[in-house]
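The structure appears right after this line, and notes come after that.
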């Protein structure tokens, strides 16, 4: 593998899971309302709205005092929120439901609906053109992830495949492209930016993304004490958040460059085209869609049946809409 590929693999490590969590010191937290609001975002395209708001100083321009911290996954963001080290965070549905079930967490709005950022990708040399053609093939998938669950239980059956028709190989997200390129698997079920990296490098082709099978909600979560005690500070925070969302719709080229610069500034090499494609597959929408409550309720019932939560949250209380509407009016 040449130097460019090695640089790409370093980028995969950054984008796929390098732990970058930084906690606020307890002495600062003790200052209460005088301390800045702390926002945790994931080091993937799911954290892009926060990255843009931070890079463009939108929080400062809106009069919000916010410190942004980066984390490797929604689970670590949730853990930092539960521990009280950060106030707000971008979370996938599963960690959010678990956090909400504990009674410590609510939603201010949405980061995005990210079904388009998950995809089944086949090796270009394999000749595979459809998910149905994965029968008898090896597929890399990170077991235990929502990405794997949807692939095996929703997407594969939709194409006439049942468990046992294909071999699932447990591979971490950031190793999917190299596993496929090396020939140890024929395809992978993964998350951006890896499908885009496979496409841009000419190694793979997207067979299907998840958008028709799962809305994959990414939630803008808040610790309940912050919602109850610091509501006045959340209005300018959300005003800045909405300004960042507007940039995604009005100036996608600038957004792509901001996110790309965030990674290249840290010494990692990934093409701007990869970031452009990855961001283009994320539906950045800050409001709750009608089917969200049903989606979260079904997930909560599943987690309860598995013993991961004790009770199903009251979604009318958990999904706060007033703060976002107030910020939009402001």
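The values are calculated or read from the model by the stated rules, or taken from the named source; none is laboratory data. Not measured: the values here are computed from a predicted model. So basically every Cβ, Gly included, is an ideal-geometry build from the backbone, and we count neighbours across all protein chains shown.
Below, the figures for the structure above:
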| item | result |
| --- | --- |
| Test: residue in the range 103-111 that is modelled with pLDDT under 90 and not assigned by TED's automatic domain parsing to the domain that holds residue 165 | yes |
| Matching residues, the range 145-169, being closer than 14 Å to residue 191 by Cα and part of a loop (DSSP other than H, G, I, E, B) | 145 |
| Selection count where residues are touching a strand residue (DSSP E or B) at 6+ places or on another chain (Cβ under 6 Å) and at pLDDT below 95, scope the range 185-194 | 1 |
| Failed item in (1) at negative phi; (2) modelled with pLDDT under 95, with residue 205 passing the rest | (2) |
| The range 288-309 - residue that is touching a helix residue (DSSP H, G or I) at 6+ places or on another chain (Cβ under 7 Å) and in a loop (DSSP other than H, G, I, E, B) and, of those, nearest to residue 102 (Cα to Cα) | 309 |
| From the options 116, 144, residue that is closer than 30 Å to residue 219 by Cα and loosely packed, with under 13 Cβ neighbours inside 10 Å | 144 |
| Search result, residues across the range 275-315 that are surrounded by fewer than 13 Cβ atoms within 10 Å (Cβ to Cβ) and either touching a residue at least 12 places away in the same chain (Cβ under 8 Å) or within 25 Å of residue 259 (Cβ to Cβ) (or both) | 287, 291, 310, 311 |
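So that you can scan it fast, the table gives a plain yes or no per residue for (1) touching a strand residue (DSSP E or B) at 6+ places or on another chain (Cβ under 8 Å); (2) surrounded by 24 or more Cβ atoms within 10 Å (Cβ to Cβ); (3) farther than 19 Å from residue 315 by Cβ; (4) assigned by TED's automatic domain parsing to the domain that holds residue 291:
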position	(1), (2), (3), (4)
74	yes, yes, no, yes
91	yes, yes, no, yes
97	no, yes, no, yes
123	yes, no, yes, no
137	yes, no, yes, no
149	no, no, yes, no
157	no, no, yes, no
163	no, no, yes, no
